[in-house]
2 protein chains.
Amino acid sequence: MAGTDSSRRDANGPDAGPVFVLVRPQLGENIGTAARAMAKFGLAEMRIVAPRDGWPSDRARSAASGADRVVDAAALYDSTEDAVADLTLVLATTARPRGMVKPVETPASATRAMAAARAGGGRAGVLFGPERPGLSNDEVALADAILSVPVNPAFASLNLAQAVLLVGYEWHLAGDATPAESLEVGGQPPATQDEVEAMLAHLVGELDAADYFRADHMRPTIVQNLRALLRRARPTEQEVRSLHGVVSALALGRQSRRRTRG
Amino acid sequence: MAGTDSSRRDANGPDAGPVFVLVRPQLGENIGTAARAMAKFGLAEMRIVAPRDGWPSDRARSAASGADRVVDAAALYDSTEDAVADLTLVLATTARPRGMVKPVETPASATRAMAAARAGGGRAGVLFGPERPGLSNDEVALADAILSVPVNPAFASLNLAQAVLLVGYEWHLAGDATPAESLEVGGQPPATQDEVEAMLAHLVGELDAADYFRADHMRPTIVQNLRALLRRARPTEQEVRSLHGVVSALALGRQSRRRTRG
């Protein structure tokens, strides 16, 4: 039962994510791809139950490419029972209904349950079955709940690496501080309200000078619309400076054309 | 520009998901795997810009396995500009910051933006770059926003099929009616409150008969705890019937033991 000690140590660490247990995986490549998917989402602890082609596996290591560490640290078990013995919450990934009375979780709700288990001092793990047949009913019965990824019913089955990727993704999201939407500004500070308004005033001043607002009663509406457009673009300081330049250039062009005409 | 007409038709349909645009994909296998990932999440419209190894591709068809329809219906374009010409919202998937002033969306927030575009009568699309280099800066510049999947910064890059899978997953989730958590009961109806209470009364009655509650003041607490345990298990009718049987069998065993002793 290699790895049990290290998993106990991890369980006490503040960042211990769920353990991913690959049950009777068939191809070393898939173990490696699963390890890489885990690493992408900051998950480190893999357990492997009775891999068909033996262990260690060169194919697993090479498919893991950047994530050799996950493969090298993977703990090997003879049985699924042993692999989950120290866990307090076990989820079994399966697409097929099993006729068992078990809660069925989505990746997102499973993530909440696993985070709650961790907060309560426990340790969660997710069982992933072998490539074709999936987990046996006896293995699913070991779990507290079923984890099922909602997919188009006509294409119900995810492969091993896809299932690992999606469960890992949801786990990572839950602990991720990335704002839902942000603005990439290439290091440029956003313009302040004042700067945008000054730019707008400059523009409107030049439009006035150009007799753009023929119908006076439309002026407030047009200015409002220009303001909305500018705000929606959330310009940077630099962009506001550029817009000043653009307005000045256009205004100057008009004046010089007038001068030419006059 | 094959496929433009059919995409217009789709755009008017109520279920038109976003268009996935594969820009200069290198390997046919990856186009097929991407198609399969799309099909898993009910997405049907793929566009392909200048695939390196030509089109149609046998390798794409065979990697798509069940999802040939997505591959066969894929529209081929010479340029990314053409491929996005009829779209009203374009997102560019990229892991690297590009020094451009663009909103950066997560898959979830991008999904909301795409659903809003659809609700407003528009059509959204997502650009996926070629396997190694990803989208060029000019291609990213065509997009309204960047779509970036939050990953462990040490393993920043997702491959093409993984990116397609995660964006498709989020799209599917948003329109999916799967409850966050449900109970798989194998077709068995859940027990009613009355049935659970009757079962509890049966159990407590037998415990009373067995002089289990030695300290009377503990009885309410113990009953409460048993009730909480039973409720938490959310038993089915069938399970409640089984529990009645279990309690009766245990009680009968006790009586016959007594009879034997007496």
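The values are calculated or read from the model by the stated rules, or taken from the named source; none is laboratory data. From a predicted model like this one, the values you see are computed outputs, not experimental measurements. A quick note on method: Cβ atoms are made from the backbone with ideal geometry, for glycine too, and the neighbour counts reach across all protein chains shown. For accessibility, only protein heavy atoms count, side chains too; no ligands or nucleic acids. Shrake-Rupley method; radii C 1.70, N 1.55, O 1.52, S 1.80 Å.
General observations
- Condition met for residue A:72 (surrounded by fewer than 19 Cβ atoms within 10 Å (Cβ to Cβ) and either in contact with a strand residue (DSSP E or B) (Cβ under 9 Å, 6 or more places away or on another chain) or in contact (Cβ under 8 Å) with a residue 60 or more places away in the chain (or both)): no
- Only residues that are under 20 Å from residue A:233 (Cβ atoms) and either at pLDDT 90 or above or open to solvent by 40 Å² or more (accessible area, probe 1.4 Å) (or both) were counted across region B:90-103, and they come to 6.
- Selection within region A:33-50 - open to solvent by 10 Å² or more (accessible area, probe 1.4 Å), outside any helix (DSSP H, G or I) and more than 9 Å from chain B (Cβ to nearest Cβ): A:44, A:45, A:50
- Test for residue A:59: is it basic (Lys, Arg), within 24 Å of residue B:157 (Cα to Cα) and out of contact with any strand residue (DSSP E or B) (no Cβ under 8 Å at 6 or more places or on another chain): yes
- With respect to (1) exposed (fewer than 15 other Cβ atoms within 10 Å of the Cβ); (2) modelled with pLDDT of 85 or more, the lone exception for residue B:202 is condition (1).
- Residue match in region A:152-171 (condition: open to solvent by 30 Å² or more (accessible area, probe 1.4 Å), more than 10 Å from every other protein chain (Cβ to nearest Cβ) and either part of a helix (DSSP H, G or I) or in contact (Cβ under 8 Å) with a residue 40 or more places away in the chain (or both)): yes
- Some residue of region B:174-193 being part of a helix (DSSP H, G or I), within 25 Å of residue A:106 (Cβ to Cβ) and modelled with pLDDT of 85 or more: yes
Rundown of residues vs (1) polar (S, T, N, Q); (2) open to solvent by 50 Å² or more (accessible area, probe 1.4 Å); (3) in contact with a helix residue (DSSP H, G or I) (Cβ under 9 Å, 6 or more places away or on another chain), yes/no style:
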site: B:189; (1), (2), (3): no, yes, yes
site: B:195; (1), (2), (3): no, yes, yes
site: B:221; (1), (2), (3): yes, yes, no
site: B:225; (1), (2), (3): yes, yes, no
site: B:232; (1), (2), (3): no, yes, no
site: B:244; (1), (2), (3): no, yes, yes
site: B:248; (1), (2), (3): yes, yes, yes
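- Of all residues in region A:105-149, those being facing another protein chain (nearest Cβ under 10 Å), under 25 Å from residue B:36 (Cβ atoms) and open to solvent by 10 Å² or more (accessible area, probe 1.4 Å) number 5.
- Neighbours by Cβ (under 6 Å, 6+ apart or cross-chain): first from region B:220-237, modelled with pLDDT under 85; second in a helix (DSSP H, G or I) and of a type outside the set (Phe, Trp, Tyr): B:230/B:196
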